Every structure is written in structure tokens, then in C-alpha cells.
Amino acid sequence: MIPAVMPTYARYDLAFDHGEGAHLWDAEGRRYLDFGAGIAVASVGHCHPHLVEAIRDQAGRLMHTSNLYNIPGQEKLAQRLVDNTFADAVFFNNSGNEAVEMGVKMMRRYHYANGHPERYRVITVSGAFHGRSLAMLSAGKQEKHLKGFGPEVDGFDQVAFDNLNELRAAIGPETAGILVEPIQGEGGIRPMSKEYLKSLRKIADEFGLLLMFDEVQTGVGRTGKLYAYEWSGITPDILATAKGIGGGFPLGATMATEKVAEAMTAGSHGSTYGGNPLAMAAGNAVLDIVLAPGFLDGVQKAADQLKSGLDEIARKHPSVFEGARGTGLILGLKCVDGVTNGDVVKALIGNGLLSVPAGDNVVRFVPPLVVTAEDISEALSIIEKTSSEIEQSAA
Ligand SMILES: *Cc1c(COP(=O)(O)O)cnc(C)c1O
């Protein structure tokens, strides 16, 4: 008989009872070190007192009013995002998928408003992941995600990762913009080079296209800057953010420059829940923490420690790992052929460490940004021990 929860996930046989910082406990009191953070969501760690207090307080006053009325928390969070990024305006939604898909709508609407309704197609890059709606599946073009869901939604053209010739060749009179993740997360922690991102900006400008970054996974301090685009020296026209921005509360946002945002006139888009007072309390509390002086420096320090530890483990265990990759606290270990990332994730769980499998046979580490030096040392010794065990069992 089918379980009441629809079987769309092959779940680990684990359930957690409570958490603190980078730690989770199951009902039997066993402690796990959480370097998955609920897929890069628990940015400020589990049950950060400031976030808990903000949500508790807001829940006791007012959770939801709808976007028919002004929402002071939205104005505050939007202004803070505007003050700290390239963007001039922000729309709040409830998930990464919604944030990216709205960005695609905005690309089309911008060209429509500028007399080019025929410009509706968006170029994406192989290995991309932008969400699970019919349109975003068609943007990502991953065979395994599209299978059985009928014809693709029209309007997306995909080119090879890091290939500018293919990208230029894909541009036509109907092209509206380019959509990329500065570091592919689900695709296997694949960073795009600074040169590549700079070229995308140049090409977009040359052809009158909009450049959009999907920073659903890389945003909100994950790379040691508020947004990963800051490392590239260029700015996008549109940016989608979610995952870490609510710290565990479902929240996404689509940000844009004025020239793009002004096409989104009253009635052009909407969301019942998007940006409700409770979500805004969560988002503002997360930014209180992430924007505090020194916080992002701390992320970079933690990232250096974790990355050099992973590099060393990969060097010591070449029969298990090909190498470490990623920047900031979005890092991965690529497994060699013959070692399956899913098996490594399971073995790590057995030793008390949570991680997340990613594409390209990578084990992904995206710990809470508040992870401590002791947490990282403990995680590295678990990964080291697990690597030795995998080596021995293969011998
Ligand atoms: C997780 C993710 C999404 C989808 O976010 P949801 O909240 O699951 O809809 C989109 N893009 C990227 C880069 C992601 O990592």
C-alpha cells in the first residue's frame, strides 16, 4: 500500500527532533553534525535565538494580511537588499523555483515593454538546476527531472557549460536573456570563472539581452559575500534568491534593476503568501545576523579551513576522491569512478555527519554559515575516517 506521504523521495531512515547551530539530534538523543543544512537553507544554523525570537514575536502579533495592503516588514527587507546589492527593487515569493521563474517572466516583460514582445527565449547552461515547475524543468533540461512530464515548455535554449562560442551561436532575434548559477549547486558544485561571467555581461550588453543570476543556493553569505556575483566584478540585471534567506522559513525574492523592475506594473504579477509579515520577520532576522560587522569575514575564514581540509583529504585518498571544489561554504568532494557519491553520503551519516549528494558524482558540503572551527575539525575527522573505511572495504 502506498504510504500517506507521496513517495517522491528516497529518504534516509532518519528523523530529527531538535537542533542547535550546526548540530541535529534524533529522538534517541544521537547527535549529528549537519553539513547539509537542509540543502543550504539553515544559513544561521538551527534555532538561532535571534531568528526564533523574531518568528515567535511576529507569530504572536500577525502572520498574514495579503499583498492587498502595505507590509512594513517587506519595505524594510526590500530596502536592505537594495542598499546591499546591485538591485533597485525586490519582489518576495515563497521558494527558489518561484523566484527564478518570476525572473524569467521579468525578462519577457522587459522586452515586451520595450517594443520587442518577440524576445522571449532564455539561454541556460548544461548542468543547471532552476526548480521543479514545468517551466523551470524546461530551463534546467535535466533528463531525469523531465522524464514523464510531457512536452517541454517552450522558450529555453541550453548551451554547454563554459562555452562562449556555443552561447553566442544560440543567440537569435527571439532571445530575451541569459540565466546562470554563478556556482552550479545541484549540478555538482561547478563554479563559473570570473572571466566567463564577465563575458556573459559583455555579450548580454552587446545583444541587448538581460543577464540573470540564480543565486538561490549561492546567496545570503554562502560564498563569503552577501551574493556570489560580488566576486565577479560584474552585476546581473535580475537575481533570484531563496534557500538561506529565510534561515528555514520558506522565503524567496526576485531582485532587479530599475529598468527591468519598472515593467512589472500593478497587476502584472502576484503571490498570496509572498512576503507576508511572518516571512519578513524571518528574512529581516537573518539579515540582522548575516550583515552584522565581521560575519562574512567569519564565513570566509570557516570556508578556508573546510576547503584546505577537504583538499588534504582528497590528496590522501585518491582512490576515493578526485578532488575538492567550490568556494566559500559551498564545497564538494568529487568521487572517482567506481565510488558513488550516494554511498559516501550514507557512510558519512553512519559516522554522524550529514552532507548532500550533488550531480557529477559529488558529495556536497553546505554547512550553516555559523559553523565553528571545532565543528569543521570534527567534520573533517569524520570525512577522513570514512574515507579510510571506504578505501579498506574496497581493498
Ligand atoms: C534549490 C534551488 C532552486 C529551487 O528552489 P526551491 O525552493 O526548491 O523551489 C532553484 N535554483 C537553485 C540554484 C537551487 O539551488
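In whole Å, largest first, what are the principal axis extents of the Cα atoms in the chain?
65, 54, 52
Among 184, 55, 285, whose Cα lies farthest out toward the positive end of the dipole of region 50-290, if unit charges sit on the beta carbon of Lys, Arg (+1) and Asp, Glu (-1)?
Farthest towards the positive pole: 55.
Given contacts defined as C-alpha pairs under 8 Å and at least six residues apart, what's the relative contact order of region 50-290, whole-number percent?
31
Using the Cβ atoms and a cut-off under 15 Å, what net charge is assigned to the surroundings of residue 89, where Lys and Arg are +1 and Asp and Glu are -1?
Summing Lys/Arg as +1 and Asp/Glu as -1 gives -1.
Please name which of 248, 145, 18 has its Cα lying farthest along the dipole of the chain towards the positive end, using unit charges on Cβ (Lys, Arg +1; Asp, Glu -1) and the Cα centre as origin.
Result: 145, furthest along the dipole toward the positive end.
Eigenvalues of the Cα gyration tensor times 5, then square-rooted: what semi-axes does that give for region 126-248, in whole angstrom, largest first?
Working: eigenvalues 93, 82, 30 Å².
Over the Cα atoms of region 126-248, the ellipsoid semi-axes are 22, 20, 12 Å.
Under the √(5λ) rule applied to the eigenvalues of the Cα gyration tensor, what semi-axes describe the equivalent ellipsoid of region 250-395? Give them in Å, descending.
They are 38, 18, 14 Å, listed from largest to smallest.
Just in region 120-150: which trypsin sites (Lys or Arg not before Pro) are loop by DSSP and have at most 13 other Cβ atoms within 10 Å?
Those that pass, being in a loop and sparsely packed, are 147.
Rounded to a whole number, what % of the accessible area of the chain do carbon and sulfur atoms account for, probe 1.4 Å?
C and S fraction of accessible area: 54 percent.
From the C-alpha coordinates alone, can you work out the Kirkwood hydrodynamic radius of region 177-326, in Å?
Value: 17.3 Å, from the Cα pair sum.
Determine the dipole magnitude for the chain: charges of +1 sit on the beta-carbon of Lys and Arg, -1 on that of Asp and Glu, nothing else is charged, the reference point is the Cα centre, and the result goes in debye to the nearest 20.
On the way: 35 positive and 47 negative charges, 84 e Å.
That gives the chain a dipole magnitude of about 400 debye.
Just the accessible area per residue of the chain, please: how many Å² with a 1.4 Å probe?
Per residue, the chain has an accessible area of 44 Å².
What is the sum of charges around residue 373, taking Lys and Arg as +1, Asp and Glu as -1, for the other residues whose C-beta is under 15 Å from the C-beta of residue 373? Before the final figure, lay out each step's value.
Details: positive: 301, 307; negative: 297, 304, 374, 375, 378.
Counting the neighbours of residue 373, the net charge comes to -3.
Only bridges whose two residues both fall in the chain count here: according to DSSP, what percent of them are antiparallel, nearest 5?
The answer is about 65 percent antiparallel.
Calculate for the chain the 222 nm mean residue ellipticity that helices alone would give, adding -39,500 (n - 2.57) per DSSP H run of length 4 or more and normalising by residue count, nearest 500 deg cm²/dmol.
Counting only the DSSP helices, I get -12000 deg cm²/dmol.
Let me know the volume per residue of the alpha-carbon convex hull for region 222-297, in Å³.
Working: hull volume 8.1 nm³, N = 76.
Once divided by residue count, the hull of region 222-297 is 107 Å³.
The values are calculated or read from the model by the stated rules, or taken from the named source; none is laboratory data. What you are looking at is a predicted structure, and each value in this text was computed from that prediction instead of being measured. Because the Cβ atoms are built from the backbone with ideal geometry, glycine has one as well, and the counts that use them run over all protein chains shown. Protein only, heavy atoms only, side chains kept; ligands, DNA and RNA dropped before computing areas. Shrake-Rupley method; radii C 1.70, N 1.55, O 1.52, S 1.80 Å.
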